[in-house]
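Down below is the structure, laid out as structure tokens.
The values are calculated or read from the model by the stated rules, or taken from the named source; none is laboratory data. All of these numbers come straight from a predicted model, not from anything done at the bench. Backbone-built Cβ (ideal geometry, glycine too); neighbour counts: all protein chains shown.
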Amino acid sequence: MAGRLEGKVAVVTGGNSGIGEAIVHRLASEGARVGFCARRKEQGEAVEAAARSAGATVRFDVCDVTDSSQVDDWIARVTSEYGAIDVVVNNAGTASAGQWPDESNEDWDAILRLNVTSAFYVTRAAWPQLIASGEGSVINIGSLSAWGGIGANELEMMGGFQPSPSYQASKAALEGLTVHLAGRGGEHAIRVNCVRPGRILTRQWEETMGETFLFWSYYERVQMLQSHGRSEDVANAVLYLASNESSFVTAEMIDVNGGAVGKT
């Protein structure tokens with residue numbers, strides 16, 4: 001039986017670890033030809049090798065997605081090998097350790113550039129192909145942090161640490177970009193949506209810091225489901241939005257957070 005993405009070409013940014021790695025494997029397992037990029041070569045090549053050993057059609061390229069010329073070259077390389085792009089997943093992102101009001105100017109600029117500007121560059125580069133596809137799909141990876149304010153009580157439950165100002169601002173901006181692109185994509189049958197994870201325990205974090213690290217003292221109080229979110233949970237939501245099963249879904253923020261939105 002053909003996979004749900006058979007015949008489609010997908011590109012994924014930040015596919016060398018965590019959520020991005022899970023997305024690469026999930027899309028490829030459903031028949032997509034996947035081009036993914038990251039800045040760290042060794043990690044990217046390891047993901048590429050693992051996916052190929054499972055029979056997937058994938059390629060990895062080193063690319064700094066904050067550089068528009070590198071993005072254009074990467075999209076051209078993927079297209080040259082796999083054909084026109086049907087699915088774009090803007091996953092690349094990071095956070096600063098800086099807390100308000102001490103986050104540096106340099107961290108603020110760097111986080112906004114990676115978390116938001118890169119999505120602009122990648123989607124713009126792939127836009128003509130998404131139009132040609134006739135069923136293009138853009139999926140941005142946001143965060144519950146886009147709207148979840150943290151006051152003194154919440155900060156104490158989070159161990160005195162919270163996502164940085166730049167991280168929260170960048171994820172809110174990504175939602176705005178999602179809605180804008182959905183509006184412009186409608187006439188071309190391009191769907192643009194955002195997956196908004198809550199607390200996701202990646203394999204790397206779990207192996208180095210354990211299950212209860214990373215804000216669990218807070219999220220165990222606000223999640224309806226008393227379980228840990230995993231990278232695969234996000235990847236499954238991305239698969240739905242990448243497939244034709246979501247052909248009438250656009251400009252949506254899909255929450256993957258164990259019900260935290262309903263309790264906060």
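Only residues that are surrounded by fewer than 19 Cβ atoms within 10 Å (Cβ to Cβ) and closer than 26 Å to residue 229 by Cβ were counted in the stretch 111-147, giving 2. Residue count for the stretch 26-47 satisfying the condition of being closer than 26 Å to residue 127 by Cβ, part of a helix (DSSP H, G or I) and of a type outside the set (A, V, I, L, M, F, W, C): 2.
Restricting the stretch 76-105 to residues that are acidic (Asp, Glu) and surrounded by fewer than 20 Cβ atoms within 10 Å (Cβ to Cβ) leaves a set whose member that is farthest from residue 242 (Cα to Cα) is 102.
Of the helices (runs of 4 or more DSSP H) contained entirely in the stretch 94-175, those carrying at least 2 residues that are of a type in the set (A, V, I, L, M, F, W, C) and modelled with pLDDT of 95 or more fall at 105-112, 118-133.
Filtered by the rule that a residue be assigned to a strand (DSSP E or B) and farther than 11 Å from residue 228 by Cα, the stretch 182-206 gives 191, 192, 193, 194, 195, 196, 197. Looking for whichever is surrounded by fewer than 19 Cβ atoms within 10 Å (Cβ to Cβ), modelled with pLDDT under 85 and hydrophobic (A, V, I, L, M, F, W, C) here; the options are 248, 213. Which one fits? After applying the criteria, what remains is 213. Only one of the numbered conditions (1) touching a helix residue (DSSP H, G or I) at 6+ places or on another chain (Cβ under 6 Å); (2) in a helix (DSSP H, G or I); (3) hydrophobic (A, V, I, L, M, F, W, C) is not met by residue 10, and that is (2). The residues on offer are 203, 230, 196, and the sole one that is of a type in the set (Lys, Arg), in contact with a Gly (Cβ under 7 Å, 6 or more places away or on another chain) and either surrounded by 13 or more Cβ atoms within 10 Å (Cβ to Cβ) or modelled with pLDDT of 90 or more (or both) is 196.
Looking at (1) without any contact (Cβ under 8 Å) to a residue 60 or more places away in the chain; (2) at negative phi, which one does residue 25 not meet, given that it meets all the others? The one condition residue 25 does not meet is (1). The single condition among (1) surrounded by fewer than 24 Cβ atoms within 10 Å (Cβ to Cβ); (2) in contact with a Leu (Cβ under 7 Å, 6 or more places away or on another chain); (3) part of a strand (DSSP E or B) that residue 59 does not satisfy is (2). Spot the failing condition for residue 258; the list is (1) of a type outside the set (A, V, I, L, M); (2) at pLDDT below 80; (3) buried (at least 16 other Cβ atoms within 10 Å of the Cβ); (4) not in a helix (DSSP H, G or I), and only one is missed. Against the list (1) of a type outside the set (A, V, I, L, M); (2) at pLDDT below 80; (3) buried (at least 16 other Cβ atoms within 10 Å of the Cβ); (4) not in a helix (DSSP H, G or I), residue 258 comes up short only on (2). For the stretch 15-29, the candidate set comprises residues that are closer than 18 Å to residue 86 by Cα and of a type outside the set (D, E, K, R); within that set, the residue that is surrounded by the fewest Cβ atoms within 10 Å (Cβ to Cβ) is 29. Within the option set 21, 30, 103, being more than 30 Å from residue 162 (Cα to Cα) and out of contact with any Cys (no Cβ under 7 Å at 6 or more places or on another chain) holds for one residue only, 30.
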